[in-house]
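One structure is given below, encoded as structure tokens.
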Amino acid sequence: MKKILLVLLALGVIFSCGKKEEAKTDNAETKTETTTTTEPAKEGDAPAADAAAYTVPEVQKYIEDYKALLKEYTAAVNAKDEAKSTELGDKIHELTTKEAEYAVKLTDTEEAKKFSDEMAKLDEEYDALAEKAE
């Protein structure tokens, strides 16, 4: 089932990015200001190197929700709580079915590839936990 979804996801990304037209820019000069602030890192803060930021907020929320559910599922599997792991597994499966919807929303090919790779990694992690739960 997941392999089929990943294939559909890949096809959706290919078709959605295949006819992309480049945005035309005016010759007018644009100004952008960037401000940066540096704060010392706190002890509990982990670097967000693996946290991919997406330009589409819905996709970012989807990834965050999926990771949160996966974290809860990991805790349930490690605690050997079958009822909770089954419930969370069903929620993860429900989220996985919506993966293609969010992949189509990404118009940048690099971002779509990053999303696809990240979801494949998360799916592998889920599959390994599901085997452990059985």
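The values are calculated or read from the model by the stated rules, or taken from the named source; none is laboratory data. From a predicted model like this one, the values you see are computed outputs, not experimental measurements. We place every Cβ from the backbone using ideal geometry, glycine too, and count neighbours over all the protein chains shown. For accessibility, only protein heavy atoms count, side chains too; no ligands or nucleic acids. Shrake-Rupley method; radii C 1.70, N 1.55, O 1.52, S 1.80 Å.
Potential lengthening of the chain between Thr86 and Thr109 amounts to 4.8 nm, from the contour at 0.36 nm per residue minus the alpha-carbon distance.
Charged neighbours of Lys71, selected by a Cβ distance under 12 Å, balance to -3 (K, R count +1; D, E count -1). With R₀ fixed at 30 Å, the C-beta to C-beta distance from Asn78 to Lys121 puts the FRET efficiency at about 0.95.
Label positions at Glu58 and Leu95, each projected 7 Å from the Cα along the C-beta direction, are separated by 1.7 nm.
Using a 1.4 Å probe on the protein chains only, how many percent of the accessible area of region 71-134 belongs to carbon and sulfur? C and S fraction of accessible area: 48 percent.
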